[in-house]
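The values are calculated or read from the model by the stated rules, or taken from the named source; none is laboratory data. The shown structure was predicted, so the numbers you read here are calculated from the model rather than taken from an experiment. Virtual Cβ from ideal backbone geometry, glycine too; neighbours counted across all protein chains shown. Note: accessible area is taken over every heavy atom of the protein model, side chains too, but ligands, DNA and RNA are not part of it. Shrake-Rupley method; radii C 1.70, N 1.55, O 1.52, S 1.80 Å.
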Amino acid sequence: MDELRQGLVLPVRIDPTGRLGPTRSQARNPRHWERTSHGYYRPPGAFEGAVPVEQRIVDASVVVPPGGAITGWAALRWLANGWFDGTDASGAQLPVPILISTHDVRPQPGIAVSGEGTGPDEIVVVDGLRVTSPAWSTSFVMRHARSVQDAVIALDMAAYSDLVSIKEVADLVAGQSSWTGVPQARGAVALGSENAWSPAEVRMRLLWQAAFEGARPVANLPLFDLHGRHLGTPDLVDVAAGVLGEYDSVLHLDSDRRRADRSKDELYAEHGLQVVRWLSGDHPGDVLAHLHAAHVRAARWNGPRSWTADPPPGWTSTATVAARRALTAEQRSRFLRYRIA
């Protein structure tokens, strides 16, 4: 196995000599060794506090049989996507999903075993672990998600890190007609965006689209005045209606951030743009009411449209996975600095 990432520990089997692993007597004492899965152990003092999510993935990797691989959210996390943190909506830990072929893996806590086999062309070795490809991993999450909304969030967040494009996932799902959850995944592909910056933005976009016939709010679309000056990049823009959506997490409670938000809203208002802010903790029904009122106000705007979504000459777009993959390291640092995970 290739070298693991720094700070992570590969669990080991019992070794009667005590050189490569714990002896049986040592393994029975949790103060000396901690069991991570059936037959595997690691020193209990390896981490202070909670075990990192990457270590949970490593713990599960040692039981993956030949031909198998880590998949789903865990593969996407290992492939450098911070949005997949290994927890569900309630904060509970998700089991690490692994694919197996013909070998048996005993059911055990913290590991979800799937018999969905895949070919070797969909498995890669990254920092010592066998994981399924980004497109396969994303498809797996989408097909097994609790809802279409969760499937769209998975797709959008995988695209956020440029691990996959929507087309790459769509092409893969197109060949999985008999697999579990394919209709859900295909429905999610049709609703996906490659330029969402957070799961909250995705939820707001889907809520908006479902409630307003014909609405298709665009994620993180830069807006300009008619002289080409950048007005801002709202979380969501309904270009036809002139309505903007912003999701405000707890980060927006900072006084400097609130002042910046107010100044930005005032600038948008000067151009007749209506802003709806979804504050952390708001009920979706209240957000819909604010959106409806914003659409009514926007329809009453009598002034000329003094803004545009058409970028000026020389503007570098980062709206698609292809565009971001084409950026240099320096360009990524400069143009994507506002995105956080």
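Return yes when V164 is of a type outside the set (K, R), modelled with pLDDT of 95 or more, assigned to a loop (DSSP other than H, G, I, E, B) and buried (at least 21 other Cβ atoms within 10 Å of the Cβ) and no when it is not. First the steps, then the outcome.
Working: of a type outside the set (K, R): yes; modelled with pLDDT of 95 or more: yes; assigned to a loop (DSSP other than H, G, I, E, B): yes; buried (at least 21 other Cβ atoms within 10 Å of the Cβ): yes.
Judged against the criteria, V164 is a match.
Residue by residue through region 91-121, note down the ones that are acidic (D, E), at pLDDT 85 or above and open to solvent by 40 Å² or more (accessible area, probe 1.4 Å). Give the derivation first.
Start the filter on region 91-121 by keeping residues that are acidic (D, E), which leaves 104, 116, 121.
If we keep only those that are at pLDDT 85 or above too, we end up with 116, 121.
Passing the criteria: only D121.
With the requirement that a residue be surrounded by fewer than 19 Cβ atoms within 10 Å (Cβ to Cβ) and touching a His at 6+ places or on another chain (Cβ under 9 Å), what does region 62-90 give you?
If the condition is that a residue be surrounded by fewer than 19 Cβ atoms within 10 Å (Cβ to Cβ) and touching a His at 6+ places or on another chain (Cβ under 9 Å), then P65, P66, G67 are the ones that fit.
Specify the residue that is nearest to I111 (Cα to Cα); the eligible residues are those in region 20-42 that are open to solvent by 50 Å² or more (accessible area, probe 1.4 Å) and within 33 Å of the chain's Cα centre (by Cα).
Restricting to residues being open to solvent by 50 Å² or more (accessible area, probe 1.4 Å) and within 33 Å of the chain's Cα centre (by Cα), the top hit is H38.
Quick check on my filter: what residues within region 275-291 are surrounded by 14 or more Cβ atoms within 10 Å (Cβ to Cβ), touching a residue at least 60 places away in the same chain (Cβ under 8 Å) and not aromatic (F, W, Y)?
V287, L288, L291, listed by residue number.
Being free of Cβ contacts under 8 Å to residues at least 24 places away in the same chain, open to solvent by 30 Å² or more (accessible area, probe 1.4 Å) and closer than 25 Å to A174 by Cα is true for just one of R258, R186, R229, R262. Which residue is that? Spell out how you get there, then give the answer.
Working: R258 fails: closer than 25 Å to A174 by Cα; R229 fails: closer than 25 Å to A174 by Cα; R262 fails: closer than 25 Å to A174 by Cα.
Step by step, each of R258, R186, R229, R262 is checked, and only R186 is free of Cβ contacts under 8 Å to residues at least 24 places away in the same chain, open to solvent by 30 Å² or more (accessible area, probe 1.4 Å) and closer than 25 Å to A174 by Cα.
Search region 1-19 for residues being at pLDDT 90 or above and within 22 Å of D127 (Cβ to Cβ), and hand back the single one that is surrounded by the fewest Cβ atoms within 10 Å (Cβ to Cβ).
This residue is R13.
What number goes with the only condition from (1) open to solvent by 20 Å² or more (accessible area, probe 1.4 Å); (2) farther than 30 Å from W315 by Cα; (3) β-branched (V, I, T) that V239 does not pass?
(2)
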